[in-house]
1. Loop-only check: which trypsin sites (Lys or Arg not before Pro) in region 127-219 are DSSP coil with at most 16 other Cβ within 10 angstrom?
2. Size of the dipole of region 215-332 about the Cα centre, Lys and Arg at +1 and Asp and Glu at -1 on the beta carbon, nothing else charged, in debye to 20?
3. Under a 10 Å cutoff between Cα atoms, tell me which one of Tyr114, Tyr240, Tyr219 has the largest fluctuation in the Gaussian network model of the chain.
4. Go ahead and set up a Gaussian network model of the chain, Cα springs under 10 Å, then flag whichever of Gly90, Gly270, Gly64 fluctuates most.
5. Among Pro330, Ser129, Pro140, whose Cα sits farthest toward the positive end of the charge dipole of the chain (+1 at Cβ of Lys/Arg, -1 at Cβ of Asp/Glu, about the Cα centre)?
6. Just add up the charged neighbours of Ser277: K/R +1, D/E -1, any other residue whose Cβ is under 9 Å from the Cβ of Ser277.
7. Please work out how many pairs of lysine residues in the chain are eight or more positions apart (or on different chains) and have Cα atoms closer than 23 angstrom.
8. Using the Kyte-Doolittle scale, which helices in the chain average at least 0.5 and also have C-alpha atoms spread 24 Å or more along the helix axis, with helices defined as whole DSSP H runs?
Amino acid sequence: MSVTLKDVAALAGVSRSAVSRTFTEGASVSAKTRSKVEKAARELGYSPNALASSLTTGRTKLIGLISNNFHNPIFLEVFDQFTRALQERGLRPLIVNLTDETEPANSVRMLRQYSVDAAIVASSTLPPSFAKAFHDAGVPVVHTFGRSATSPEVHVVGIDNVECGRMAARELLARKYTRIGYLGGPQDATSALDRHRGFMEELSDHPEIDVSHCFAGAYSFEAGRAEMLRLLSETPAEAYFCGDDILSIGALSALKDHGLKPGQDIGIIGLNDMEMSRWENIDLTTIHQPIKQIITSSVDLIVEMLKEPQRYPEARIFPCRVIERGTLRPRP
C-alpha cells in the first residue's frame, strides 16, 4: 500500500499539518520539524501528492506549452529544452497541439479545463491574437518566437525576423549574387512575412539585383522541396534565402534530384541552425537563432509572472548571427 502523510507524521512524531507545511512551498515550519519530517519521508519512501497539494495551494504548477507546427523537426529541440527547463523549476509542462486551430477561444477553454497556472505559446506562425486571448482571460502568458514589438500586449521572447531578412540579403549581396530569391514559409505566418519584408527592404537599395519571391505552403521538408522543384522547372535564381532550415533542407533535396550542387550551382541560406542543418550530408549555411537563451528567458518570465501576475509586458529580443557552412559560394 502507498505511504500516506499520516504514516510520515506518525514516524516523525509530528502532526499531519506539520508534514503538509513541510512539503508546501512558502509555508512556515521550524528547521527541527522539517528535518524530522524529511528524514521520516526518506525512510518510508514518501512523495507528496501533487494533485492534493494543488487543492491546498490553489496552484497546479501546470504550464500549457502550446504550438501548432509539429511537422517541423526544430520543435523536437524546442520541446526537449522547454520541458527540461520547466521541470528544473518545479513546474509541469502540458503540451497542447494547435495544428489547424484557428479560434483562440477554443485554446483558452481547453487549458482552463486543466487549471493551468500559465501558458507559453511557442510558435512563430500563430498570430499575436492567440497569446492575447490568454492574457485577456487572466492567464499569465509568454509568446515565445512571437512577433517583436516595441510595446507588446503580452510578453514576447524571440528574434527580430525583419532584421534576419536583412541579414540574409546582405550575406547574398556580399557573395556577389545578382539574381536572388526569397523562399518563405506560409504566407499567412507573421515570421514569413517579416523575414520577407526585411529581405526586400535591404535589396530595395540595389536596383541592379534581380529579386524574386515565393512562399511555401508550410514550414516543412515537403513544402520546401515542392516549391524548389517548381522554381527549377522555370528560371531559378542564383541563390535563395529559405526562411527556415527545414524549408532549406527540402530545397537541397530538390537540387540534388536535378544534379545541382549547393553553393556551386545554386546557393541556399536558411534560418534557425537546427541540429540537422549541421549534419555533414546537409552542411547548411544558416542564420543561428539562440533557441536555448530564448527558452531560458521564457521560463524565467513565467516564474516571475507566477509571483507577479500583473507584471508589465516586455519584449526580449535576441540577436542572431550567420553560421558559415557549405551551401553558399565563398565571400570574395
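Bear in mind these aren't lab numbers, they're just calculated from the coordinates by the rules spelled out. These figures come from a predicted structure and were not determined experimentally. Cβ: placed from backbone, ideal geometry, glycine included. Neighbour counts: every protein chain shown.
1. Lys176
2. On the way: 13 positive and 17 negative charges, 41 e Å.
Here the size comes out at about 200 debye.
3. Tyr114
4. Gly90
5. Pro140
6. Combined, the nearby Lys, Arg, Asp and Glu give -2.
7. 8
8. Details: long enough: 291-307 (25 Å, 0.90).
Helices passing the filter in the chain: 291-307.
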